[in-house]
Amino acid sequence: MNTRRFTTPGTIDRPATHDPMNQAPMTSSRLEQTARTSDAMASHQNRNHHMQLMPEALARAHMQQRMSEAEQERRASHLLAARRLQRRAERASLRARRALALAVMQ
């Protein structure tokens with residue numbers, strides 16, 4: 001059987017050995033405990049800060065959505081106005097052709 005020796009200690013997901021008798025005991029030193037509590041406090045503070053910023057992010061996203069909707073409406077109204085002007089120009093062109101045709105015929 002091919003067994004590999006790891007230089008790093010095992011983790012819960014990947015223990016160094018699967019034999020329960022040869023595994024290291026799960027005791028933690030005071031330094032690790034203080035590090036964990038300080039990490040937990042930092043994580044808690046970070047989460048609180050993140051929660052405080054959530055309404056800002058939500059408002060920013062809402063305003064961005066409203067701005068994009070307004071921009072789309074503006075583009076649509078410009079397109080409608082351009083089509084209206086194009087139809088008006090086409091009608092004026094037809095009137096001018098008819099007038100020219102009548103002037104040439106007489």
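Once label points are set 7 Å from the Cα along Cα→Cβ at both residue 45 and residue 96, what is their separation, rounded to one decimal in nm?
Spacing of the two 7 Å Cα→Cβ label points: 7.5 nm.
In debye to the nearest 20, how big a dipole does segment 36-106 give about its Cα centre with +1 on each Lys and Arg Cβ and -1 on each Asp and Glu Cβ? Can you show the working numbers first?
Numbers: 14 positive and 6 negative charges, 166 e Å.
For segment 36-106, the charge dipole is close to 800 debye.
Give me the net charge for the shell around residue 63: Cβ to Cβ below 11 angstrom, other residues only, Lys and Arg +1, Asp and Glu -1. Walk me through the numbers on the way to the answer.
Details: positive: 60, 66; negative: 56, 69.
Charge balance near residue 63 sits at 0.
Measuring with a 1.4 Å probe in the full set of protein chains, what accessible area per residue, in whole Å², belongs to segment 40-106? Working shown, then result.
Values: 6550 Å² over 67 residues.
Ligands and nucleic acids excluded, the figure is 98 Å² per residue.
The values are calculated or read from the model by the stated rules, or taken from the named source; none is laboratory data. The structure presented is a predicted model; accordingly, all values stated were derived computationally and were not measured. Positions of Cβ are backbone-derived with ideal geometry, glycine not excepted, and every protein chain shown enters the neighbour counts. Surface accessibility is based on the protein's heavy atoms, side chains included, excluding ligands, DNA and RNA. Shrake-Rupley method; radii C 1.70, N 1.55, O 1.52, S 1.80 Å.
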